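Participant: Structure below; questions to follow.
The values are calculated or read from the model by the stated rules, or taken from the named source; none is laboratory data. Because the structure is predicted, anything quoted here is derived from the model rather than measured. We place every Cβ from the backbone using ideal geometry, glycine too, and count neighbours over all the protein chains shown. Surface accessibility is based on the protein's heavy atoms, side chains included, excluding ligands, DNA and RNA. Shrake-Rupley method; radii C 1.70, N 1.55, O 1.52, S 1.80 Å.
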Amino acid sequence: VNAANLAIEDLNKKNGILGRQVKIKVEDTQDGISGAKAVSAYRALRINKDIKYFVGPSWTPGLLALAPI
């Protein structure tokens, strides 16, 4: 998350992407523990129509729970 924030800060200093500022929204899923938490986090983010792209878990219970969605 810290690395992503640094990259976004640098990107936004350079006028963002196509002149638009980039924002990051993080939901802590603890997906290594519970796939259900990953699904809840995804749904919490998905209701926000301003969010266009998602980066999710990989090779964890969270991924397995989100794969069908």
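Participant: When both residues are 6+ apart or on different chains and their Cβ atoms are under 7 Å apart, which pairs have a first residue that lies in segment 10-26 and is touching a residue at least 12 places away in the same chain (Cβ under 8 Å), and a second that is part of a loop (DSSP other than H, G, I, E, B)?
Facilitator: Val22/Gly16; Lys25/Ile51; Val26/Val1
Participant: Scanning segment 54-69 for residues that are within 21 Å of Ala7 (Cβ to Cβ) and modelled with pLDDT of 80 or more, which turns out most open to solvent (accessible area, probe 1.4 Å)?
Facilitator: Going through the qualifying residues, I end up with Val55.
Participant: Here's something else I'd like to know. Out of segment 1-14, which residues are modelled with pLDDT under 95 and in a loop (DSSP other than H, G, I, E, B)?
Facilitator: Val1
Participant: Now a separate question. Tell me which residues, restricted to segment 19-53, are open to solvent by 80 Å² or more (accessible area, probe 1.4 Å) and either assigned to a loop (DSSP other than H, G, I, E, B) or in contact with a Lys or Arg (Cβ under 8 Å, 6 or more places away or on another chain) (or both). Steps first, answer last, please.
Facilitator: Residues of segment 19-53 open to solvent by 80 Å² or more (accessible area, probe 1.4 Å): 20-21, 23, 25, 28, 30, 33, 37, 43, 46-47, 49-50, 52-53.
Scanning segment 19-53 gives Gln21, Lys23, Lys25, Asp28, Gln30, Ile33, Ile47, Lys49, Asp50, Lys52, Tyr53.
Participant: Does Lys37 meet the test of being of a type outside the set (Val, Ile, Thr) and modelled with pLDDT of 85 or more? Break it down into steps so the answer makes sense when it comes.
Facilitator: Values: of a type outside the set (Val, Ile, Thr): yes; modelled with pLDDT of 85 or more: no.
Against the criterion (of a type outside the set (Val, Ile, Thr) and modelled with pLDDT of 85 or more), Lys37 does not qualify.
Participant: Gly16 passes all but one of (1) open to solvent by less than 100 Å² (accessible area, probe 1.4 Å); (2) under 19 Å from Ile69 (Cα atoms); which number fails?
Facilitator: (2)
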